[in-house]
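Q: This is the structure, below, for whatever I ask next.
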Amino acid sequence: MHALSIPTWIVHISSVIEWIAAIWLIWTYGEVTGNRYWWALSCAMLPALVGAMCACTWHFFDNPESLEWLVTVQASMTVVGNCTLCAAAWWIWRCVRQSHSNSPEKTTKAKTTADVS
């Protein structure tokens, strides 16, 4: 636990808590709106969270050689997380674009008293 300063620990822990809160908020937004792609985004955030927890665990035990495999897991989860977040962002973009192209145009002209006569 002595490998990092107190302010650095605060940043690490608050970032993990913030990421967990973001996952939960995005999942909840998906439930409220009924859009499954928001659920996919929250799931896509999980590998990055695992990577962050690996880094915190490794630092918590003062970076021992016996836990160096956590560094590899952390790096791998970062790559996987970046790919899953990219895929989720693409899916959101695609779904929103499709919903806009499928929506009926609202160019119906309102009738005025001059149009009625």
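The values are calculated or read from the model by the stated rules, or taken from the named source; none is laboratory data. What you see is a predicted model; the values in this text were computed from it and never measured. No Cβ is skipped: glycine too gets one built from the backbone with ideal geometry, and neighbour counts run over all protein chains shown.
Conditions (1) of a type in the set (A, V, I, L, M, F, W, C); (2) modelled with pLDDT of 95 or more, marked per residue:
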residue	(1), (2)
I13	yes, yes
E18	no, yes
C86	yes, yes
W91	yes, yes
S103	no, no
T112	no, no
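Q: I need the full set of residues from segment 62-91 which are loosely packed, with under 13 Cβ neighbours inside 10 Å and in a loop (DSSP other than H, G, I, E, B), in order please.
A: D62, P64, E68
Q: If you don't mind, another one. Being farther than 30 Å from R36 by Cβ and either of a type outside the set (A, V, I, L, M, F, W, C) or assigned to a helix (DSSP H, G or I) (or both) is the filter here, so list the residues in segment 46-61 that pass it. Show your work before the answer.
A: From segment 46-61, those farther than 30 Å from R36 by Cβ are 55-61; that's our starting set.
Across segment 46-61, the qualifying residues are A55, C56, T57, W58, H59, F60.
Q: Checking the structure you have, find out if any residue of segment 8-26 is over 12 Å from the mean Cα position of the chain (by Cα), of a type outside the set (S, T, Y), in a helix (DSSP H, G or I) and under 20 Å from W91 (Cβ atoms).
A: No, the conditions are met nowhere in segment 8-26.
Q: Condition first: in contact (Cβ under 8 Å) with a residue 24 or more places away in the chain and out of contact with any Leu (no Cβ under 8 Å at 6 or more places or on another chain). Now tell me which residues in segment 10-45 satisfy that.
A: I13, S15, N35, Y37, W38, A40, C43
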